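Attaching a single structure in structure tokens format; questions to follow.
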Amino acid sequence: MPRTRSLAWSELKIGVLTIVAIVIAAVLIFTLTGTKGFAWQRYTLKTRFNDVAGLAKGSPVRVAGVEVGSVKDVSFAGAQVDVAFDVRDDMRSRITDKSVAKLGSVSLLGESAIDITPATSGTPIPDDGYVPTGPPVASFSDIADKASQGIEHIGELVDDVRKGKGTIGKLMTDEELYAQMNRFVATAGTLTRELQQGRGTLGKLLKDPKAANSLEASMKNIEDLTRRINSGEGSIGRLLKDDAFARSLDGATKNLGDLADRINRGEGTAGKLVTDPSLFNRLNSVSDRFDQLVTKLNAGEGTAGRLLKDQQLYENMNGAMAEFRGLLEQIKKEPKKYLNMKVSIF
């Protein structure tokens, strides 16, 4: 009997150690597999890519950067690739139809991964459901290709510069253009020195306080004039501010417009002169006759013309007028004498 009890206790110890070992192994497995959880704590989802960029079974699956599962299977679906992956069951509320699956990478040169954006506002995706995919993310090979293309473009640009193409190329190869640029730089330097020395109008404005004060005074005068106009002072200010003055000016403008309309209609003397050809012809004829009269007077024709041109006739008429004035003076002095002479005559 004692021996039988000893054997039972030994077997019991072996069983307990086995259970402890299994528990330790499970804990180790759980620890080594990260946060993926046990099989009954995960569920399967799928997504579809045009190119998986080296994604393989066991690649990590991340939600908002946190690893929550791994890739279970990668298989072709026509021209595209279906990817099945397991994720933790507590991610159901975060992986919805509003989420987007994209290809990522563990490091710049490391293995690929699936990155899923969390979206709690959508409907949870059921088991074996498809997570919507977003636009493809540029891979390292794409970046390398673009970098290679950029280097090729830079090489072509350098070749064009060496051949003298473009402005930079001409500047590098054309001596005349280089000389012009050099002269331009020299001229700009000279202009800058003259400005710094106070030469010219701009130089005086920069260096001479009197010029600056004069300009400031002019600006103040303009500001004062603007202020006075805004306050309604002067004719321009009244025109802008005084409604009565504006209405008076508007009335005068309308009167001028009415007068112009009447003239265009031929009303009045000015209107007839503008629109009546016969009146214009008569005035033109009078003007021609007046020109002829002036021409004859200048030529000395007729009595008036001879009076203007004949000096002797002018002197005779001047003498006659002098004698007539003398006779009038004598009449004023001796009126009785001339009155008696008149009576004797009658």
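Expressed as a whole percentage, what fraction of the accessible surface of region 148-212 belongs to carbon and sulfur atoms when a 1.4 Å probe is rolled over the protein heavy atoms?
Carbon-and-sulfur percentage of accessible area, whole number: 60.
Using all C-alpha to C-alpha distances in region 175-232, build P(r) with 10 Å bins and read off the rounded percent in each one.
22, 25, 21, 17, 11, 4, 0
For region 179-275, run through the trypsin sites (Lys or Arg not before Pro) and keep only the ones in DSSP coil with at most 15 other Cβ atoms within 10 Å of their Cβ.
ARG199
Continuing with the same structure: Can you tell me the dipole magnitude for region 81-124 around its Cα centre, using point charges on the Cβ only (Lys, Arg +1; Asp, Glu -1), in Debye to the nearest 20?
200 debye
Here's something else I'd like to know. Per residue, how much accessible area does region 231-300 show when a 1.4 Å probe rolls over the protein heavy atoms, in square angstrom?
Accessible area per residue, region 231-300: 77 Å².
Where Lys and Arg each count +1 and Asp and Glu each count -1, what net charge lies around SER75 among other residues with Cβ under 11 Å from its Cβ?
That works out to +2.
Provide the FRET efficiency to the nearest 0.05 for the PHE245-ALA84 pair, computing r from the beta carbons and using R0 = 56 Å.
Taking R0 as 56 Å, the efficiency between PHE245 and ALA84 is 0.05.
Calculate, in nm to one decimal, what LEU256 and GLU111 gain on full extension: separation in residues at 0.36 nm each, minus their alpha carbon distance.
In short, 43.0 nm is gained.
May I pose another question? Could you work out the relative contact order of region 167-230? I mean the mean sequence separation of Cα pairs under 8 Å and 6+ apart, divided by the number of residues, in percent.
Relative contact order here is 12 percent.
Using 20 Å as the Cα-Cα cut-off, could you pick out the over-long pairs in LYS46/LYS146; LYS146/LYS170; LYS46/LYS72; LYS57/LYS102; LYS46/LYS102?
Checking Cα-Cα distances, LYS46/LYS146; LYS146/LYS170 exceed 20 Å.
Under a plain spin-label model, where a point goes 7 Å from the Cα along Cα-to-Cβ, how far apart in nm are LEU297 and THR120?
11.5 nm
At 7 Å along the Cα-to-beta-carbon direction for both VAL74 and ASN281, put a label point, then send me their distance in nm to one decimal.
A separation of 11.0 nm, rounded to one decimal place.
Which net charge results for the neighbourhood of GLU152, defined as the other residues with beta-carbon distances under 12 angstrom from its beta-carbon, given Lys and Arg at +1 and Asp and Glu at -1?
Here the count lands on -2.
The values are calculated or read from the model by the stated rules, or taken from the named source; none is laboratory data. Computed from a predicted model, the values in this text were never measured in an experiment. Neighbour counts are summed over all protein chains in view; Cβ atoms, including those assigned to glycine, are modelled from backbone coordinates with ideal geometry. The accessibility values were calculated without ligands, DNA or RNA, using every heavy atom of the protein model including side chains. Shrake-Rupley method; radii C 1.70, N 1.55, O 1.52, S 1.80 Å.
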